[in-house]
1. In nm, to one decimal, how far is the modelled label at ASN434 from the one at ASN12, with both set 7 Å along Cα→Cβ?
2. Using the Cα gyration tensor of segment 254-301, with a ≥ b ≥ c the square roots of its eigenvalues, what is the shape: rounded (a/c below 1.5), prolate (a/b larger than b/c) or oblate (neither)?
3. Could you give the length gained on full extension between GLU296 and GLU99, defined as 0.36 nm per residue of separation minus the Cα-Cα distance, in nm?
4. What nm distance separates the two modelled labels at LEU278 and LYS191, each placed 7 Å from Cα along Cα→Cβ?
5. Return one quarter of the surface area of the convex hull spanned by the alpha-carbon atoms of segment 1-91, equal to its mean projected area, in nm².
6. Considering only C-alpha atoms, what is the centroid distance from segment 39-79 to segment 152-209, in Å?
7. For segment 371-452, just say rounded, prolate or oblate: build the C-alpha gyration tensor, square-root its eigenvalues into a ≥ b ≥ c, call rounded for a/c under 1.5, and beyond that prolate if a/b exceeds b/c, oblate if not.
8. Please report the Cα spread of the chain along all three principal axes, rounded to whole Å, starting with the longest.
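The numbers here are math on the coordinates, done by the rules we state, and not lab data. On a predicted model such as this, the values are computed, not experimentally measured, just so you know. Here the Cβ positions follow ideal geometry from the backbone for every residue, glycine too, while neighbour counts run over all protein chains shown.
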Amino acid sequence: MAQAFFGGIHPNDMKAATNKKPIEKLPPPARVVIPMSMHIGAPCKPCVKKGDQVTVGQMVGEAAAFVSAPVHASISGTVVAVEPRIHFNGLPVMSVVIENDFNDTPCPEAVPPENPDSLTVEQLTDIVRKSGIVGMGGATFPTSVKISSGLGKVDTVIINGSECEPYITSDHRYMLEYPEEIIGGVKLLAKIFGVDKVHIAVEANKQNAADLLRLKVEEEKAPAVVDVLHCRYPQGAEKQLCQSITGRQVPPGGLPAAIGCAVFNVVTTAAIYRAVYLGKPVTHRVVTVSGSGVNEPKNLLCPIGTPIRELLDACGGVKKETFKIMMGGPMMGHVQYDMEAPIGKGTNAILAFAGDEERTEEYPACIRCGKCVSVCPMHLQPVFMYQYERAGKLEELEKANVLDCIECGACTYICPGRLHLVQTFRTGKQKIMNARAAAKAAAEAAAKAAEAK
Ligand code: SF4
Ligand code: SF4
């Protein structure tokens with residue numbers, strides 16, 4: 001059995017509403033809004049203009065930097081606008097709007113190479129880059145960058161099928177319905193990193209998926225082993241998963257590659273297979289639509305760029321008592337205010353809440369119980385970090401390693417005083433980054449002034 005990581009919590013997984021529901025295809029949307037930023041890194045540059053005809057899989061936004069990922073049309077039709085549109089981050093973001101011709105015409109260039117088995121590591125990485133693959137468990141870091149920065153350093157490849165956040169079942173269903181794609185991706189990652197055994201990590205509440213993947217590993221004689229992990233949130237966070245599988249701990253400020261690990265989500269792994277063997281870039285993804293406010297919870301296969309409203313409509317709409325709609329899970333997701341915002345490559349869930357889940361306090365107060373410290377998987381001290389941020393003590397906040405906070409929300413979940421801990425840390429981290437950027441700009445300006453003299 002795998003090792004444990006420090007801290008963590010055991011929330012009710014709330015997955016029963018959708019974990020037995022097969023993936024359904026969303027009825028084709030009339031329009032999609034494809035944002036140029038759905039990944040960590042530089043936003044893409046649109047490479048189509050109003051009036052252009054596009055096909056499914058055609059590139060509509062090109063990567064503008066090394067840390068970026070191109071974006072592709074998810075439907076065929078006419079580009080009706082290239083302009084800023086509301087994004088799931090709540091702000092307008094440059095987007096390509098496509099009106100559907102309902103022909104689903106595939107891009108003639110989206111074809112696989114002639115002999116995929118003979119590709120070199122460089123060629124495989126290039127296909128991953130051109131296919132716009134990013135961490136599809138929600139992290140959205142460009143996969144080609146993760147691969148190229150890990151080459152020569154990584155001895156352990158981990159496929160993340162833990163899906164530890166409550167309600168979300170999109171990865172679970174993908175493992176049950178497309179195991180061959182995942183195993184195909186596992187073989188490619190083993191080849192890329194030159195390892196003879198890839199770890200596929202699945203939490204125990206998805207035992208049927210673990211059993212099926214084990215069977216496929218045997219059938220395919222794939223270089224892989226399936227590790228079943230005890231359920232504990234945030235097991236799916238990559239640093240915690242590395243510790244669960246290898247016992248190694250990522251140092252503060254470090255990445256998994258620093259301890260010889262590379263972690264890929266199961267759907268990302270399948271996307272690598274689809275890109276290499278089918279020639280398909282990332283155009284669709286499975287989204288779990290669930291929560292007490294949803295009339296008919298489902299797992300839906302959706303074109304990227306579909307407005308949230310269409311997903312909710314396909315699930316019988318929301319109940320009138322619904323008070324909150326989120327993109328992502330209840331622990332790490334973001335509240336959505338505009339149902340026209342599109343789903344992105346990292347959108348694994350849309351949740352609506354209508355019950356008594358809201359546990360806000362008008363006057364949140366710390367009772368110094370220390371529970372937040374005991375559950376923090378990053379060994380941080382949320383109680384003190386909260387006080388520093390509230391008092392504007394950014395230097396102390398930085399020294400308390402707030403930048404190592406993975407925003408898992410475990411402290412907020414456990415806090416009996418109902419303090420908005422994770423929200424405060426998000427703000428605090430942003431303030432520190434802003435202060436760093438301002439200091440860098442001031443130093444550069446001073447250096448230029450000195451040079452001019
Ligand atoms: S869990 Fe909440 S109440 Fe308890 S010490 Fe931490 S911040 Fe204070
Ligand atoms: S949100 Fe940050 S501080 Fe809170 S438990 Fe998670 S890692 Fe620790």
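1. Each label point lies 7 Å from its Cα, and together they span 3.9 nm.
2. oblate
3. 68.2 nm
4. 1.8
5. Approximately 10.5 nm², given one-decimal rounding.
6. The distance from the Cα centre of segment 39-79 to that of segment 152-209 comes to 28 Å.
7. Since a/c reaches 1.5 and a/b is larger than b/c, the shape of segment 371-452 is classed as prolate.
8. On the principal axes, the chain reaches 61, 61, 57 Å in Cα extent.
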